[in-house]
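Peer 1: One structure, as structure tokens, below. Some questions next.
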Amino acid sequence: MQQFKELFAYGFWDFVTNTIIYAAVVLPFFLVFWVLLKPKFQNRRIQEKQRSTPKIIRQEIKNSVISLLIFAIIDVAIYVAILKGYTQIYDNISDYGWGYFVFSIFVMILLHDAWFYFTHKLMHHPVLFKHIHKVHHQSIDPSPFAAFSFHPLEAIIEAGAYIIFSFLFPIHLYALLGWQLIQMTLNVIGHLGYEIYPKGFNTHWSFRWKTPSTHHNMHHSKFNGNYGLYFTWWDKMFKTEFKDYNETYEKVQSRISKK
Ligand SMILES: [Zn+2]
Ligand SMILES: [Zn+2]
């Protein structure tokens, strides 16, 4: 019973902390682009006419809270695994050094990108889409709150990468947190609804491999393409990038430079 109480308290504070971190990332983007400076950024809107409604945004927030609860339950399970010595999560940075610490964050980003692409593509199978992924696609014109707006099963799939990493190779807890903060921020930017990356980003020899906001926004408006999260290479390799991706990005940029 005592142990149950301790785990419950761990899960509760984990949920509170994650929610505060999530709010600290998502709220500035939402407030600046969707509320306070909305008219100023009108020319940066990826979908010219706003199709999102307050009702959809409330639904996105509700789904996100459920996702955060699921992440907290998974964190409790990982915590138990740490206590039992099953994971590869380590305490002292000096065990592997700073070089490895930074390297492990890059590895997590690359592996998570692959995990996201393939699980996401799989969830577009008609059966999985209908029962799971449809919830995320209720946001045809996504707001930053769409980043974690998932069906509970999709929240578990999303957390899958994190579960695997904990067991796969040595990771410092702060490296895990650092990666989660990076992925949360990029995820929110991907659902921003406004383009903040510069002109020429999509054709630049190195930046063309990074997804600007338009890339994932098109996935929400057109569904069957642009499945990638951080990078464009899986979409390019498997020919799932929308044919009019570059054209759409350039149209958005020409609206931005007009003003
Ligand atoms: Zn999708
Ligand atoms: Zn999305």
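The values are calculated or read from the model by the stated rules, or taken from the named source; none is laboratory data. The model shown is predicted, which means the values in this text are computed figures rather than measured ones. Neighbour counts are summed over all protein chains in view; Cβ atoms, including those assigned to glycine, are modelled from backbone coordinates with ideal geometry. Areas reflect the complete protein model, heavy atoms only, side chains present, ligands, DNA and RNA absent. Shrake-Rupley method; radii C 1.70, N 1.55, O 1.52, S 1.80 Å.
Peer 1: How many residues are among the small types (G, A, S) and either within 16 Å of ligand 1 (Cβ to nearest atom) or under 24 Å from the mean Cα position of the chain (by Cα) (or both) if we restrict to segment 92-124?
Peer 2: Here the count works out to 2.
Peer 1: Collect the residues in segment 200-236 that are open to solvent by less than 20 Å² (accessible area, probe 1.4 Å), within 14 Å of ligand 1 (Cβ to nearest atom), assigned to a helix (DSSP H, G or I) and closer than 17 Å to K251 by Cα, keeping them in residue-number order.
Peer 2: Matches in segment 200-236: H215, H216, N217, M218, H219.
Peer 1: Here's another thing I want to ask about it. Out of A155, A161, which single residue is away from ligand 1 (no atom under 11 Å from the Cβ) and at pLDDT below 95?
Peer 2: Just a single option satisfies the conditions, and that option is A161.
Peer 1: Being farther than 17 Å from Y194 by Cα and either open to solvent by less than 40 Å² (accessible area, probe 1.4 Å) or at pLDDT below 95 (or both) is the filter here, so list the residues in segment 237-259 that pass it.
Peer 2: T240, E241, F242
Peer 1: Examine segment 182-190 for a residue that is free of Cβ contacts under 8 Å to residues at least 24 places away in the same chain and within 16 Å of ligand 2 (Cβ to nearest atom), and state whether such a residue exists.
Peer 2: No: zero hits.
Peer 1: When segment 1-43 is examined, which residues are found to be open to solvent by less than 60 Å² (accessible area, probe 1.4 Å) and closer than 28 Å to K251 by Cβ?
Peer 2: Passing the criteria: V26, F29, F30, V32, F33, W34, F41, N43.
Peer 1: Something else: Out of everything in segment 127-137 that is more than 11 Å from ligand 1 (Cβ to nearest atom) and either open to solvent by less than 20 Å² (accessible area, probe 1.4 Å) or of a type outside the set (V, I, T) (or both), what residue ends up being nearest to L68 (Cα to Cα)?
Peer 2: That would be H131.
Peer 1: Do we find a residue being of a type in the set (A, V, I, L, M), without any contact (Cβ under 8 Å) to a residue 24 or more places away in the chain and more than 13 Å from ligand 2 (Cβ to nearest atom) anywhere in segment 146-168?
Peer 2: Yes: one or more hits.
Peer 1: Might you let me know whether segment 57-75 holds any residue that is within 19 Å of D141 (Cα to Cα), under 21 Å from the mean Cα position of the chain (by Cα), open to solvent by less than 30 Å² (accessible area, probe 1.4 Å) and aliphatic (A, V, I, L, M)?
Peer 2: Yes, that holds for at least one residue.
Peer 1: Also: I'd like the full set of residues that are in contact (Cβ under 8 Å) with a residue 24 or more places away in the chain, of a type in the set (F, W, Y) and within 30 Å of H151 (Cα to Cα), limited to segment 91-117.
Peer 2: Within segment 91-117, W115, F116, Y117 qualify.
Peer 1: Something else: I need the full set of residues from segment 90-108 which are aliphatic (A, V, I, L, M) and open to solvent by 20 Å² or more (accessible area, probe 1.4 Å), in order please.
Peer 2: Hits for segment 90-108 are I93, V102, I105, V107.
Peer 1: Only one of these conditions is not met by F150: (1) open to solvent by less than 70 Å² (accessible area, probe 1.4 Å); (2) more than 14 Å from ligand 1 (Cβ to nearest atom). Which number is it?
Peer 2: Just one mismatch for F150, condition (2).
Peer 1: Please enumerate the residues belonging to segment 171-197 that are open to solvent by 30 Å² or more (accessible area, probe 1.4 Å) and part of a loop (DSSP other than H, G, I, E, B).
Peer 2: Scanning segment 171-197 gives I196, Y197.
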